[in-house]
Amino acid sequence: MSSEILRLENIEKYYSGSVDKLHIIRNLNLSVEEGEFISILGRSGSGKSTLLNVIGLLDKIDGGKIFIDGKEVDVLSDLEKDRLKNKMLGFVFQFHYLLPEFTALENVMLPALIDDFSNKSEIEKRAMELLKSVGLEERVHHKPSQLSGGEKQRVAIARALINSPKILLADEPTGNLDEETSETIFNILRDINKNRKQTIIVVTHSKDLAQISDKKLYLKKGVLETEE
Ligand SMILES: Nc1ncnc2c1ncn2[C@@H]1O[C@H](COP(=O)(O)OP(=O)(O)OP(=O)(O)O)[C@@H](O)[C@H]1O
Ligand SMILES: [Mg+2]
């Protein structure tokens, strides 16, 4: 049985431009089922990152409603929103944002340690498993400066999954990688989606990445369409 994990209703988002207000997202609706792998495409400047940040509760909306796992987000207090964010959402960005002074393993462990420092050995075990699942068991004690671009991005994926988020959000996760490395990342995302039934929403310029998703959506003039 499928169930809805994310629902966006009539979302509006503006930014202030130098002259007029920029209307980036216009009355946008989206429903995502648990376990779905969705890709969002669209021209540069169409608002894809804005939309992902809105879904990830990193940016405020100017209208509409967001439901995550059936809970309406906007009625929650900031503290409740933060909890929901930590528990439900994992992020992978175009730039990995790993902490340079920590090893791959420590970087993956950190988001879980922040929640529960008492459980270090269990968290380490989970982080090791995740690093293994992205093919980095031989690199766990490397610092980011000792990793390749693709390896850093794989660490970032493992880190995004450490708190077992219901939704993995990725904004151009292969934007800085060569074709072959991008393919490795695509395959990792596909395996995570299939093996863990992980819900994934990925913003990408890559048709190849979009091809392996269940549903391709195009952001155009502030709304999502199913046709290019
Ligand atoms: N903080 C901000 N303040 C004002 N305008 C912004 C802000 N962030 C984004 N914008 C504008 O909103 C529009 C959408 O930006 P966004 O980053 O979401 O596009 P995008 O589809 O992710 O583009 P790209 O493919 O280049 O990453 C752009 O025109 C941008 O200039
Ligand atoms: Mg963007």
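The values are calculated or read from the model by the stated rules, or taken from the named source; none is laboratory data. This one's a predicted model, so the numbers in the text were calculated from it and none came from an experiment. All Cβ positions, glycine included, derive from the backbone under ideal geometry; neighbour counts span all protein chains shown.
Computed values, structure above
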read-out: Which listed residue is hydrophobic (A, V, I, L, M, F, W, C), crowded, with 19+ Cβ neighbours inside 10 Å, away from ligand 1 (no atom under 16 Å from the Cβ) and under 19 Å from the mean Cα position of the chain (by Cα), from Ile5, Ile40, Ile55; value: Ile5
read-out: Which numbered condition Ile61 fails, given (1) within 17 Å of Leu168 (Cα to Cα); (2) free of Cβ contacts under 8 Å to residues at least 60 places away in the same chain; (3) within 16 Å of ligand 1 (Cβ to nearest atom); (4) surrounded by 15 or more Cβ atoms within 10 Å (Cβ to Cβ); value: (1)
read-out: In the stretch 167-184, residue nearest to the chain's Cα centre (by Cα) [restricted to those that are within 16 Å of ligand 1 (Cβ to nearest atom) and assigned to a strand (DSSP E or B)]; value: Leu169
read-out: Some residue of the stretch 132-154 being touching a residue at least 40 places away in the same chain (Cβ under 8 Å), under 30 Å from Glu225 (Cβ atoms) and not small (Gly, Ala, Ser); value: yes
read-out: Search result, residues across the stretch 83-113 that are surrounded by fewer than 16 Cβ atoms within 10 Å (Cβ to Cβ) and either free of Cβ contacts under 8 Å to residues at least 24 places away in the same chain or not aliphatic (A, V, I, L, M) (or both); value: Arg83, Asn86, Lys87, Phe95, Tyr97, Pro100, Glu101, Phe102
read-out: Which listed residue, of Val155, Val202, is assigned to a helix (DSSP H, G or I) and either touching a strand residue (DSSP E or B) at 6+ places or on another chain (Cβ under 9 Å) or under 30 Å from Glu101 (Cβ atoms) (or both); value: Val155
read-out: Positions within the stretch 1-58 being small (Gly, Ala, Ser) and either touching a His at 6+ places or on another chain (Cβ under 9 Å) or on the phi > 0 side of the Ramachandran plot (or both), in sequence order; value: Gly35, Gly42, Ser44, Gly45, Gly47
read-out: The stretch 185-211: number of residues that are surrounded by fewer than 15 Cβ atoms within 10 Å (Cβ to Cβ), within 13 Å of ligand 1 (Cβ to nearest atom) and either farther than 27 Å from Arg7 by Cβ or modelled with pLDDT of 95 or more (or both); value: 0
read-out: Within the stretch 79-99, considering residues that are within 12 Å of the chain's Cα centre (by Cα) and among the aromatic types (Phe, Trp, Tyr), the one farthest from Leu169 (Cα to Cα); value: Phe93
